[in-house]
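Below is one structure; the comments refer to it alone.
No lab work stands behind these numbers, since they all come straight from the coordinates. Remember, predicted model here, so these are calculated numbers, not experimental data. Here the Cβ is made from the backbone with ideal geometry for all residues, glycine too, and neighbour counts use every protein chain on show.
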Amino acid sequence: MTATAPLDAAEAMRGAGLRVTESRTAVYSALLDQPHASADAIFAAIAADLPRTSLQSVYNALGDFADAGIVRRIEPAGQSMLFELRTGDNHHHLVCTSCGAVEDVDCAVGHAPCLTPSHAHGFTISTAEVTYWGLCPACAAAAA
């Protein structure tokens, strides 16, 4: 896996051993345009161009992509499951508690501190998922 998404949907799918379909290509393209998108948002983005698609086909594509390592599934508490193409770099997220905006944030600086828990309980740690909660600049300005 790489930290940046390949721009070519067909290349990404073939590289992961997935069949290239019109629906999967549309889902991938929607994720290029909308990082941190929910399945509903992706469906809304592609439904006009693919009127025979369904929300279930979007979920199927996203599930296939997640299983193949093409997308990363994130689940901020109290929000819909979100998907992004940025994988393999153990980055984290900032989530606005007011509007729900999500932004990427690189792992804490230094030697992979986010992979060193205070006690690993025998686990071999491969990734860490950290979510920072607060107000985005727009919501903070509106609240001031």
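Given (1) 2, 9, 17, 18, 18, 15, 11, 7, 3, 1, 0; (2) 2, 9, 18, 22, 23, 17, 8, 2, 0; (3) 2, 8, 12, 16, 17, 17, 12, 7, 4, 2, 1, 1, 0, 0, which label gives P(r) over Cα pairs in 5 Å bins from 0, in percent as computed from the coordinates?
Of the labelled values, this structure produces (1).
For Arg14 and Val105, calculate 0.36 nm times their separation in residues minus their Cα-Cα distance, and state this gained length in nm to one decimal.
Additional length available on full extension: 29.9 nm.
Percent relative contact order of the chain, based on C-alpha pairs within less than 8 angstrom and at least six residues apart?
On the way: 181 pairs, mean separation 31.2, N = 144.
So the answer I get is 22 percent.
Take the Cβ-Cβ distance between Leu55 and Ala140 as r, set R0 to 35 Å, and report the resulting FRET efficiency rounded to the nearest 0.05.
With R0 = 35 Å, the Cβ-Cβ based efficiency is 0.55.
Which distance in nm do the two modelled labels at Leu32 and Arg86 give, with both placed 7 Å along the Cα-to-Cβ direction?
Result for the modelled spin labels: 1.8 nm.
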